[in-house]
Every structure is written in C-alpha cells, then in structure tokens.
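To start, the structure itself, in structure tokens.
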Amino acid sequence: MTIEPIASLDTQNAVDLLAELGTALVDSGAIDRRTLDRARRVAAETGARLDQVLTQLGLISDRGLAEALAHLTEAPLVTAADYPDTPLFHDRLKPKFLRRVRALPIAASDGRATLAMADPLDVFTRNAVAAALGRPVSLAVAVPIELEAAFERLYAELRENSEAEAMLDEMAPDAEPAEEDAERLKDLASEAPVIRLVNQLIARAVETQASDIHLEPFADRLRVRYRYDGVLHEVEPPPARLQGAVISRVKIMARLDIAERRLPQDGRIKLTVRGHEIDFRVSTIPSLYGEKVVLRVLDRTAVEFEYEKLGLPPEVRQGLERALDLPNGMVLVTGPTGSGKTTTLYTGLLKLNTIARNVVTVEDPIEYQLTGINQIQVKPQIGLNFASLLRSILRQDPDVIMIGEIRDLETVQIAVQAALTGHLVLSTVHTNSAAATLTRLRDMGLEDYLMTATLRAVLAQRLVRRLCPACKTAEPDPAALIQRLGLERLADGREITIYRPAGCPECRDTGYRGRRAIAELLIPSRATDRLIFEGAGDAAIERAAVEQGMRPIFDSGLLAVIEGDTTIEEVVRCIRSEA
C-alpha cells in the first residue's frame, strides 16, 4: 500500500484523541459499554492509559486497537508487506531505542520519513525521531505483533538487539554442573527479553491461526515452524544463543521440570492471547542438540462444531446423524493423525448432549472442554487407562460414551460390551479407510459376530486445504484432466471448472486458506456382514459397500474439486492415492 503523510499531532491533540478512543470503540462494536466502564475504572485506579488497560486485560485485541487508533488519527494501518527488507536510518536510530518506543521507520521519500508506531499518540517519540533524522515524519499505525516480527527480522544479527543474548555470552555450558546450568537457564528464562520473545512467538501463532508451534534445536540455530492448514511453514527464528532460554521459558510456563532434559514431558499452558482464552498442549522430547518442543494451539473460538462448517458431504452427514440417533451400538471415526476425527466426534457429542442424557468421554488428552459433558483424562502412569476407566464408567449409568481411541483388544471388548448392553459408543481407530477398520478390529481379536452385532457406522475422513477464495484461478485447459479423472460421472451435468492456487497476502501466498473434510461413510449391510463372516479382506468389503451406495473418499475429494473448493493435487496428497 502507499503510505500517505498526515497532519502532525501535537500533545493536546493526542490527549483529545485518547479521550475519544473509548467512545469510538463502543460505536464501532469493538467493545461494549460495560467493558469500557470496567477499563476506565481500572485506568483511574492504576493511573494507566485506557488503551493499555484494554489490551492488558484482554478486553480487545492488539489489531482491533490498532484499527481504532488508525481511524482516530486518520493514519494508515501498516500491513506486514509494508515493512522494508533492510533497516532504514540504521546509522542514526539505535535499535535499542526503537524497540523501547515500539517504532520503526518504514519508508523515506521527498525528504520525509514514515514511522510505523504501535502508539501513534506518542508525540515525544515522533519528535525525537524527526530531530534525529533532520526531516519531517509521517505517522502510520502498526499492529504490535507485526512490528515485533519486523524488528526481529531487520535487526536479528545485531548484538545490541537482545540483552539476554549478551548475558548468554557469559555462560560456559560445559564448565559447570547441570544443576547450576539449569538454575541459570531458569533465571535467564525469567528475564524480560526472553519472556517478550516467547510471548511474541505464541501471540503470532494465535494471531495467524496456526494450529501448532514447533521449536527445533539444531547445532547453529533454533528453527521455529508454524503449522497452517496441516502444512508446516518456517518463520523468523530467535537468536541461536537463546535456544536454551526459549525452551526453558516454555517449560516453565507449562510447569515442567526444566532440569530434566533426558525424558519426554507433557504439560499444558492456559493464556489470554489477543482477548481470547487459549489452551496450549505442550510436548517435549530429547533430541541431538537439545529438547524439541511442540505446542498444540487449542483455540475453542476458532473451532466450529457444525457438520456443515466441517465440509462433510450432505449424504455422509445425514447417514452419520442417523447412526448417532440410534439408542445403542458403536460408531467409529477413522483416519490418520490430524484428520479431524476428534472434531467430528465432538460435533456429534454436542448434538447428543441434552439434559436427558448422561454423556461421558475418556480421552488422551482432553483437547477441548465441552460444557455439560463429563470428560475424563487418561493417566497411564497411575494405571488409569482406557480399559480400566471404561469398566468404572459403565457403573455410572451412562447413555453415551466416547472413547478417545481404540488401541487394543481389551478396550474394544469393553466398548462392544457397552454397546451390547444399551449404550451408544463413539470412538476412533487409526486406519486408512472405512473398510480397513473392520479388518483392523478383526486383527485386534474381536469376534466377527460381535462386530456385526454392534457396529452401526464407520466414517473415514481426511482434511484437505481449501483454495483461497480471494486468489484462486481457473485452470486454462482442464479438458484432458477432466477426462482422465472421469469427473463427468460426478458432475450431474454441471459445467466443470477446475481451479488452482495462486497466492496472495490473505493466504500467506500459499493459495490455500482453511480446511474442509472429505469422507466416506460405511453403513454395515447384510452383504458386508456376510463378507466379515467369510473373513474377506478390506478390498472386497469396500467393493460391497460401494455397491450398496457408499461414495469412496477419493470420489468425495473429486466432488470438492468440482465444487471449486480444493485441487486435485491436494486430494491426492491427503489420500496418498494415484489419480
């Protein structure tokens, strides 16, 4: 975008605009009147500015505040693409000063400089920068997390950009006992620069809707990757010398033992990020150059438990809902890790959750807390596993039981027993197709007659990335591809347009934004029951199910392509099938 100069603000103007901020936020719908009154009381009691109180209490996101300030000051809002590739005026403006005042010069032309500021009402900083540069300064409003990211990128190699890095220079890792080293790391992880850096990594992940944060130590760097729509993307890493401190800070937040680096550990973090309550599931494992840490971002507000929003085809959705309406039996959802099985089961549970039903889940781990549902966490270290918990739950008079995963014969036998005695049992199994689930249960040791007596439905699903609606483009000559894949048989006479990804700022130049489910639903029939008793393989069972009306998962993916929702390459990538 083009940054246009605005009229300079003086101190009185800044005070007047700050007084108008609260009313402007209420008028725009960013906050309500009660929230504003609460923030004003806290501001009056503490002497802090209203805008600072609003963000510190999590009452408004940093982006929401930045948009309001841009509107009030009539200044442009800076995007990530507006920051320069190299530092500007680095010989006149010290990085330490710029970090402290949260400002960065982003453009220079016609004898004027443009300054991106997290606080555009800071008149002193604007005047100080103008004096240092010897030229007038135009203001632009920056989103703090994007400003921090740009600062880390532009000044990453300068030693003075991090006090913590200078402190680490004094450490000699091999010259002292591990206990003292752990204490030093603990002290360093509690220093402001490291806390700010870790908070920035986490906030950026939430703001950009990443599902996971991967911190991976190597000999010369700490690699940081975010997972977007199932695919990992590398981001700007912190300084290499900070890797021990960053990992220790995450472990402290998750209440893990920072002195124990030889064994895997698991924990949780609960934070308010940009005004939202977010849970993070933390896992550490020892690797060659230190501990690898993965944070799973569990943002309840970003997940919609609706079959329509998940993208399940209508016939699959209707068949699954009919199975869930049955008073007893077993409904299984299958697919690889990260295919949305838990989300699908949670969606079904929420529809079943009524005052008249006792709904109980056994999970490892509990990903999202569901109001009105009794959720139980498995703890194998004390003998609290799926099988032992299921035995106890059956004495609690449940109507619906969800088992996080069926892994062994003991668990599946108790689940089947529950289904036979009048309970509806929901669970997941790790197999590649719906038909393979039946042979997997047989391999576990489940008798054929029990399987056919209790199994009501098996849903196999994958998550494919959706094409970005803002930049997807039509394939110029799709005729050969349409013929090769036989898309006419699925189009019902509709004209077929195949789209491909292009890439734009809204989708981080990937061409994809968000994901949807593609699935196949196997409803057992007499034909499939007969094949199960005959010991048939999954290929024969799948053929019989298709003859009975099941749409294979690959065809479900092709329908998503015809609908313009995804690409052939994405369907093949997720299903691992030859087109």
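The values are calculated or read from the model by the stated rules, or taken from the named source; none is laboratory data. Owing to the predicted nature of the structure, the values given are computational and were not obtained by experimental measurement. Ideal geometry is used to build each Cβ from the backbone, glycine not excepted, and the neighbour counts take in all protein chains shown. When the accessible area is computed, the model is the full protein with side chains, heavy atoms only, and any ligands, DNA or RNA have been set aside. Shrake-Rupley method; radii C 1.70, N 1.55, O 1.52, S 1.80 Å.
Using a probe radius of 1.4 angstrom, the carbon and sulfur fraction of the accessible surface of the chain is 48%.
The overall shape of segment 448-579 is prolate: from the C-alpha gyration tensor, with semi-axes ordered a ≥ b ≥ c, the ratio a/c is 1.5 or greater and a/b exceeds b/c. Ordering TYR368, PRO87, GLN396 by Cα displacement along the dipole of the chain toward the positive end leaves GLN396 in first place; charges were set at the Cβ atoms of Lys, Arg (+1) and Asp, Glu (-1). Among the trypsin sites (Lys or Arg not before Pro) within segment 442-541, those in coil by DSSP and having at most 16 neighbouring Cβ atoms inside 10 Å are ARG494. Sorted largest first by accessible area at a 1.4 angstrom probe radius, with every protein chain in place, the residues SER211, SER287 fall in the order SER287, SER211.
Normalised by the number of residues in segment 423-579, the average gap of Cα pairs under 8 Å and 6 or more apart makes the relative contact order 30 percent. Isolated cysteines of the chain, defined as having no other cysteine beta carbon under 4.7 Å away, are CYS574.
Within the chain, DSSP assigns beta bridges of which about 65% are antiparallel (rounded to the nearest 5). Computed about the Cα centre, the dipole magnitude for the chain is approximately 660 debye when only Lys and Arg (+1) and Asp and Glu (-1) carry charge, each at its Cβ.
How high is the FRET efficiency between LYS94 and ARG38 when r is their beta carbon distance and R₀ equals 30 Å, given to the nearest 0.05? With a Förster radius of 30 Å, E is 0.20.
For segment 239-359, just say rounded, prolate or oblate: build the C-alpha gyration tensor, square-root its eigenvalues into a ≥ b ≥ c, call rounded for a/c under 1.5, and beyond that prolate if a/b exceeds b/c, oblate if not. The shape class here is prolate. Each of HIS233, HIS430, HIS214 has its accessible area taken with a 1.4 Å probe; listed largest first, they run HIS430, HIS233, HIS214. Taking every C-alpha pair closer than 8 Å and separated by at least 6 residues, the mean separation divided by the residue count of segment 242-305 gives a relative contact order of 24 percent. For CYS504, nonlocal amide neighbours, meaning residues 5 or more places apart or on other chains whose placed amide H falls under 5 Å from its own, are ASP509, THR510, GLY511. Note on GLN417/PHE533: beta-carbon distance plugged into 1/(1 + (r/R0)^6) with R0 of 22 Å gives a FRET efficiency of 0.60. Per residue, segment 442-579 exposes an accessible area of 49 Å² to a 1.4 Å probe, with every protein chain left in place. For segment 62-126, trypsin sites (Lys or Arg not before Pro) meeting the loop criterion (DSSP other than H, G, I, E, B) and having at most 12 other Cβ atoms within 10 Å: ARG92. What does the C-alpha gyration tensor say about the overall shape of segment 294-333? Classify as rounded when a/c is under 1.5, otherwise prolate if a/b is larger than b/c, or oblate. Prolate, because a/c is 1.5 or more and a/b exceeds b/c. A helix-only calculation puts the chain at -12000 deg cm²/dmol for mean residue ellipticity at 222 nm, using -39500 (n - 2.57) for each DSSP H run of at least four residues, averaged over all residues. The alpha carbon centroids of segment 477-510 and segment 29-58 are separated by 49 Å. Using a probe of 1.4 angstrom and keeping all protein chains present, the accessible surface of segment 270-363 works out to 43 square angstrom per residue. Taking Lys and Arg as +1 and Asp and Glu as -1, the other residues whose beta-carbon sits under 13 Å from that of LEU115 total +2. A 1.4 Å probe, protein heavy atoms only, puts the accessible area of MET444 near 30 Å². For the chain, averaging the sequence separation of C-alpha pairs within contact (under 8 Å, six or more residues apart) and dividing by the residue count gives a relative contact order of 9 percent.
Among the GluC sites (Glu not before Pro) within segment 463-509, those in coil by DSSP and having at most 13 neighbouring Cβ atoms inside 10 Å are GLU495.
Per-residue 3J(HN,Hα) values for segment 220-236, derived from phi via the Karplus relation 6.51 cos²θ - 1.76 cosθ + 1.60 with θ = phi - 60°, read 10, 6, 10, 7, 10, 10, 10, 9, 10, 6, x, 10, 7, 10, 7, 10, 4 Hz in sequence order (x marks Gly and Pro). Evaluated over the chain, the count of Lys pairs having alpha-carbon atoms less than 29 Å apart is 24 (only pairs 8 or more residues apart or interchain).
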